[in-house]
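The block underneath contains the structure these notes are about, expressed in structure tokens.
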Amino acid sequence: MRDAMKWILLPTLMFMALFAAAAGSNPKAARAVRTPVPPSIDGKLDEPQWKLAPPETEFTQQDPNEGEPASERTEIRILYDDDAIYFGCMMYDRSAGEIVGRLARRDDQPVSDVLSICIDTYHDHQTCFEFIINAAGLKADILQFNDGVDTDKTWDAVWDAKTSVTGEGWIAEIKIPFHALRFPRQDVYQFGLQMIRRIARNNERQMWAMIRKSESGFISKFGHLVGIEHLRPSANLQIIPYVDGSSRFVPASPATPSGREFSTNAGFDFKYRPGSGLTIDATINPDFGQVEADPAVLNLTTYETFYPENRPFFIEGTQIIRFTTFGGTAGPGLFYSRRIGQAISVDPPPGGYIESQPKFATILGAAKISEKTSDGLSIGVLEAVTRRETATLVDSLGNRMTQVVAPLTNYSLVRLKQDLLASSNVGMI
């Protein structure tokens, strides 16, 4: 029995060791150079600081001719200071008049000439922040995790980019503040890096760190970004208060005799990063008035409809708190944040009507702590309290009654996950 176990375990361990060596083993490296003066983000590469950094020029086609050199030259230089990392990108094009740049809403990606910068700041070969800019200056940002299998397109960061089209091609200048990224503080940094250019008219996709279509994995095949060191730790604090008022005009009815409804609201969001990978988020009576509305869905199945999470507080740290189970591609997994502060539906009594009702369970307050340490331990803690909500109903005889439609509720969650080997992890929720 012992010999049989040995012959079962040895190949398994050898495979795991080989897979661990494969992840992050791409030797390609780009060097970032510290700049004494930050470049101006204006879509022009005329600042002398850009000459300090060596250019990255070796790009390889993944499409249409896999493994062939890029059809057009790309030149990218990288600078940094204590506040941000800067990319100066020159996309040469011998047919500059055929460069495609289309405008759309942020995070949309119409067919156009595009540059994508992917940074694995944890250097865990599993998670990356992707920043996308097209020739017209359209921006998109995506959080990728689980080696690129899972993505969160609702993640939005504050970063700056400008583009311009010249007779030689098109230019992109990009500034990504360090506070928009997550990484543990240390003296010398090494990040994972991938840079991808798309040329629309050729349907060409070229990569700085080549990944063949026959290979599995994405972030685990990145090259490396070196040269960043001795960043000045700085705490980042954001407080966003709001006050709003709204009026609603409807036909007069027993529920609204005047035909008018007026309401006011106030609250604030709070984010604090104490100079490390730790992020503390808090919110008091959050404002979701600017959150994108859910699309109309006709669900004729017996399964619940899972809507995307667009509320900023709940998006932060989603790659840490998410806990997928079997069938995870069909839903959010064990934790579905849309149940916190969910919409409330009330049925009127027979022959009566609803005089007043809340639209959703008000979130009185919520707090979240999320962090990933340099040892690969991810920690997520969430606490939220929703208010007791009541509706006023009037029956067919004109009797008024109050009904509790949502109780005072407390939500608590603790999530731990430890990275193992190349792309495995063990965790609990």
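Overview of values
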| quantity | calculated |
| --- | --- |
| Exclusive hit being touching a helix residue (DSSP H, G or I) at 6+ places or on another chain (Cβ under 9 Å) and over 18 Å from C118 (Cβ atoms), set G148, G167, G137 | G167 |
| Search result, residues across the range 113-162 that are within 18 Å of F314 (Cβ to Cβ) and of a type in the set (D, E, K, R) | D141, D150, D152, K153, D156 |
| Residues being touching a strand residue (DSSP E or B) at 6+ places or on another chain (Cβ under 6 Å) and closer than 24 Å to F306 by Cα - total across the range 342-356 | 3 |
| Output for the range 263-320, where each listed residue is within 25 Å of H179 (Cα to Cα) and among the small types (G, A, S) | G267, G275, S276, G277, A282, G317 |
| Qualifying residue in the range 341-348 (condition: farther than 22 Å from A266 by Cα, open to solvent by 80 Å² or more (accessible area, probe 1.4 Å) and free of Cβ contacts under 8 Å to residues at least 12 places away in the same chain) | yes |
| So T392, is it β-branched (V, I, T) and farther than 24 Å from F288 by Cα | yes |
| Unique match (being closer than 23 Å to G267 by Cα, assigned to a strand (DSSP E or B) and in contact (Cβ under 8 Å) with a residue 60 or more places away in the chain) among I354, I369 | I369 |
| Index of the failed condition, T151 passing every other in (1) surrounded by fewer than 23 Cβ atoms within 10 Å (Cβ to Cβ); (2) within 24 Å of the chain's Cα centre (by Cα); (3) not in a strand (DSSP E or B); (4) not aliphatic (A, V, I, L, M) | (3) |
| Any hit, the range 238-251, residues being more than 20 Å from the chain's Cα centre (by Cα) and either modelled with pLDDT of 90 or more or not in a strand (DSSP E or B) (or both) | yes |
| Unique residue being over 21 Å from A96 (Cα atoms), of a type outside the set (G, A, S), open to solvent by less than 10 Å² (accessible area, probe 1.4 Å) and touching a strand residue (DSSP E or B) at 6+ places or on another chain (Cβ under 9 Å) when the list is L237, L225 | L225 |
| Among the candidates S424, S370, S412, S337, residue that is loosely packed, with under 15 Cβ neighbours inside 10 Å, touching a helix residue (DSSP H, G or I) at 6+ places or on another chain (Cβ under 9 Å) and under 30 Å from R185 (Cα atoms) | S424 |
| Residue check, I354 at pLDDT 80 or above and under 24 Å from the mean Cα position of the chain (by Cα) | no |
| Identity of the residue in the range 380-409, acidic (D, E) and over 11 Å from P349 (Cβ atoms), that ends up most open to solvent (accessible area, probe 1.4 Å) | E383 |
| Neighbours by Cβ (under 8 Å, 6+ apart or cross-chain): first from the range 135-150, within 15 Å of V100 (Cα to Cα); second among the charged types (D, E, K, R) and open to solvent by less than 10 Å² (accessible area, probe 1.4 Å) | A135/D113 |
| Residue list for the range 305-340, filter: in contact (Cβ under 8 Å) with a residue 60 or more places away in the chain, in a loop (DSSP other than H, G, I, E, B) and β-branched (V, I, T) | T324, I340 |
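Rundown of residues vs (1) of a type in the set (G, A, S); (2) assigned to a loop (DSSP other than H, G, I, E, B); (3) farther than 17 Å from I363 by Cβ; (4) open to solvent by less than 60 Å² (accessible area, probe 1.4 Å), yes/no style:
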residue	(1), (2), (3), (4)
Q206	no, no, yes, yes
M210	no, yes, yes, yes
P295	no, yes, yes, no
Y303	no, yes, yes, no
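The values are calculated or read from the model by the stated rules, or taken from the named source; none is laboratory data. What you see is a predicted model, and the numbers here were worked out from it, not measured in a lab. Cβ atoms come from the backbone with ideal geometry, glycine included; neighbour counts cover every protein chain shown. Ligands, DNA and RNA are stripped out before the accessible areas are found, and what is left, the full protein with its side chains, is counted by its heavy atoms. Shrake-Rupley method; radii C 1.70, N 1.55, O 1.52, S 1.80 Å.
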